[in-house]
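Have a look at the structure below, then the notes.
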Amino acid sequence: MNTIEIQPPLLISKDPILKKLGGRRQSRISARTKSELDRALDIIHHHAEPRAIFKILPLKRVNGVIQLNDGTRLKSRNLSRILKPCRKIALFLATIGDGVDQIIHRVMKKEPHFGLILDAAASVAVESSVGSLADTIEAEIDGDEGTTLRYSPGYCDWPLKEQLKLFRLLPAEKLDVSLSPELFMQPRKSVSGVIGIGKKNALKLNGNACLNCTNVTCKYRRT
């Protein structure tokens, strides 16, 4: 399948931003923080440029290791278990662009308190764009197929260096996203990863690695 590029909508609100800032509720924050949340959302809506690409590829297993049709292997025991019922995989990359990054950098120097709020809002924004991307992938597959949760290099036992494989298979230059020597993405508010595709019934037990994880205090837990 060819690479598909989309401009996902940003659907963000204050509650997920507050969760990233420590789990506070809107009823328990100060008037100043409420004002800064509004200001952060305004900046995101005016300066974020959400864009994403994805590619759906056949998936097979060779000696228990996940392998794509070009021979690329994804080395993760957890990911191998999650994708066991899958016959296809969607590789993706999403970003909200460099503009917000530059504003966060400037704000952190002058208003560090507001800078933290803006940084959290930007993280929620790129996660929102990935959520919209996942909805687009759902629309591309057959009616009896479903998807796993998304997984990115650096999650669980999937090494961050595996990000190099995704960048080799996806035209990241279309989104003006690059990797630093330390494997961090530029712009910072970018996300890469994979989503497994398989029969809906088969995915119920395997699609969420968090269901079988004993690290119940993990801040990234999705269950």
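List of remarks:
- Filter pass, Ser13 being modelled with pLDDT under 95, surrounded by fewer than 15 Cβ atoms within 10 Å (Cβ to Cβ), closer than 27 Å to Val177 by Cα and among the hydroxyl-bearing types (Ser, Thr, Tyr): yes
- Restricting Ile29, Ile66 to residues that are without any contact (Cβ under 8 Å) to a residue 24 or more places away in the chain, out of contact with any Asp or Glu (no Cβ under 8 Å at 6 or more places or on another chain) and closer than 25 Å to Leu179 by Cα narrows the list to Ile66.
- Residue ID - modelled with the highest pLDDT, chosen from residues in the range 22-68 that are over 21 Å from the mean Cα position of the chain (by Cα), in a loop (DSSP other than H, G, I, E, B) and surrounded by 11 or more Cβ atoms within 10 Å (Cβ to Cβ): Ile29
- Counted residues, the range 172-202 - those being more than 16 Å from the chain's Cα centre (by Cα), without any contact (Cβ under 8 Å) to a residue 60 or more places away in the chain and either within 20 Å of Tyr151 (Cβ to Cβ) or outside any loop (DSSP other than H, G, I, E, B) (or both): 3
- The residues of the range 69-89 that are of a type outside the set (Ser, Thr, Tyr), out of contact with any helix residue (DSSP H, G or I) (no Cβ under 9 Å at 6 or more places or on another chain) and not in a strand (DSSP E or B), listed by number, are Asn69, Gly71, Arg77, Leu83.
- Residues of the range 71-125 that turn out to be under 20 Å from Gly196 (Cα atoms) and of a type in the set (S, T, N, Q), as a count: 4
- Taking the criterion of being basic (Lys, Arg) and crowded, with 18+ Cβ neighbours inside 10 Å, the only residue of the range 111-164 that qualifies is Arg150.
- The set of residues in the range 98-113 that are touching a Lys or Arg at 6+ places or on another chain (Cβ under 7 Å) and not acidic (Asp, Glu) contains only Val100.
- Test: Glu162 is modelled with pLDDT of 90 or more, among the acidic types (Asp, Glu) and either in contact with a Leu (Cβ under 7 Å, 6 or more places away or on another chain) or not in a helix (DSSP H, G or I) (or both): yes
The values are calculated or read from the model by the stated rules, or taken from the named source; none is laboratory data. Everything numeric in this text was worked out from a predicted model, so none of it was measured. A quick note on method: Cβ atoms are made from the backbone with ideal geometry, for glycine too, and the neighbour counts reach across all protein chains shown.
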